[in-house]
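Below: the structure, in structure tokens.
Just so you know, all these numbers are worked out from the coordinates, no wet-lab data involved. Here the structure is a predicted model, which means the values were calculated and not measured. Reconstructed Cβ throughout: ideal geometry from the backbone, glycine too, with neighbour counts over all protein chains shown.
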């Protein structure tokens, strides 16, 4: 249900392709894909109004883990400009989404280690990230409500 039926540009569906994710982020990597999918899952659980949801992204605070926050912004609509997303330095990776009294914590399943000695490492990352995009949510992260 749309909360702002009279507004043309409110609550537009956030259906982004891997191409769109790469365009926004500068390349396609596993953490932007993971963050995007987590953000979309949170909206399904908490509602689609990006003004009523808050996101806390827990990670190392440095790349590549911090790229999770870019995906969360695209998937959930929580943005730095609206001040409803926060990056919190942590040894464990997870995202906590809150809307009113409801919360959902999403914890990614371990990512496949990639061989940095691959002749075309960037292509390996890209292909792996693309494969993650097509997995079911339960193959990507654990959900705690």
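Points to keep in mind about this one:
- When both bridge partners sit in the chain, DSSP labels roughly 75% of those beta bridges antiparallel.
- Cα→Cβ-extended label distance, 7 Å offset, between residue 88 and residue 17, nm: 3.7
- Highest average packing first - 102-110, 72-80, 115-123, Cβ atoms within 10 Å: 72-80, 102-110, 115-123
- Each principal axis of the Cα atoms in the chain has its own extent, and those three values, largest first, are 52, 31, 27 angstrom.
- In this calculation the C-beta distance from residue 24 to residue 122 is compared with R0 = 22 Å, giving a FRET efficiency of 0.80.
- Candidates 98, 89, 63: whichever shows maximal mean-square fluctuation once the chain is modelled as a Gaussian network with Cα springs under 10 Å: 63
- For the chain, the relative contact order works out to 27 percent when only alpha carbon pairs closer than 8 Å and six or more residues apart are counted.
- For segment 1-80: relative contact order, % (alpha-carbon pairs under 8 angstrom, 6 or more apart): 38
- Difference of contour (0.36 nm per residue) and Cα-Cα distance, residue 60 to residue 142: 27.6 nm
- Per-pair calculated FRET efficiency, R0 = 41 Å: residue 101 and residue 7 via Cβ, rounded to 0.05: 0.95
- Of 92, 126, 101, the residue with the greatest mean-square motion in the GNM of the chain, using alpha carbon springs below 10 Å, is 101.
- For segment 46-110, the alpha carbon convex hull comes to 83 Å³ per residue, rounded to a whole number.
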